[in-house]
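Below is one structure, written out as structure tokens; comments come after it.
Derivation of every value follows stated rules applied to the coordinates shown; laboratory data play no part. Worth saying up front: this structure is predicted, and the values here are computed from it rather than measured. Neighbour counts are summed over all protein chains in view; Cβ atoms, including those assigned to glycine, are modelled from backbone coordinates with ideal geometry.
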Amino acid sequence: MKTLDIHEIKNLLPHRYPFLLVDKVVEATVGEKLVALKNVTVNEPFFQGHFPHRPVMPGVLILEAMAQASAILASFDLDKIDNQNRLYYFVGIDKARFKRPVEPGDQLMFEVKIVRRIKNMWKCEGVATVDGQVAAKAELMFTYQDV
């Protein structure tokens, strides 16, 4: 079982502010599942326009955060290389559903599970929750390329 802080996450993902959307990995079982969190604050740049009178985290960014959590899980199975030169790419998103808005002050918890891996392609199921309530869920497919 693994846990990762933000510094370790930055060693695995090339994303940086304002697009690094995973703050901490609280639990991970290599090759199986990962639980991560994002603290949603009013200072997020997207809240200025989405929406100024009632800030709501865009659904596509919730899916992106879920994908980043999935990429962290996938990285555990890959050879140790300079991860700063590894880019993960969406291949597909299926069955995406949004169940409740995510607002400043919420703590998003992501649980992602590997459904299938074929060579350098993964399919994961992800669920994002706030206070135990489902905010979003989706099936995510992605691959990577070393550049």
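Scanning the chain for trypsin sites (Lys or Arg not before Pro) in DSSP loops with at most 10 other Cβ atoms within 10 Å, what's the longest stretch left with none? Let's see the in-between values first.
Numbers: sites that count: ARG16, LYS80, LYS119.
Here the longest segment lacking exposed loop sites spans 17-79.
Do any of LYS38/LYS137; LYS10/LYS99; LYS95/LYS119; LYS99/LYS119; LYS2/LYS137; LYS33/LYS95 go past 21 Å between their Cα atoms, and which?
Violating the 21 Å limit, Cα to Cα: LYS10/LYS99; LYS95/LYS119; LYS99/LYS119; LYS2/LYS137.
Do the sum for the chain: with -39,500 (n - 2.57) for every DSSP H run of n ≥ 4, divided by all residues, what is the mean residue ellipticity at 222 nm, to the nearest 500 deg cm²/dmol?
So the helix-based figure for the chain works out to -5000 deg cm²/dmol.
Can you tell me the Rg and the Dmax, both Å, for the Cα atoms in the range 2-146?
Over the range 2-146's Cα set, Rg and Dmax evaluate to 14.5, 46 Å.
Working only with C-alpha atoms, what are the Rg and Dmax values of the range 1-70, expressed in angstrom?
Rg, Dmax (Cα atoms, Å): 13.2, 42.
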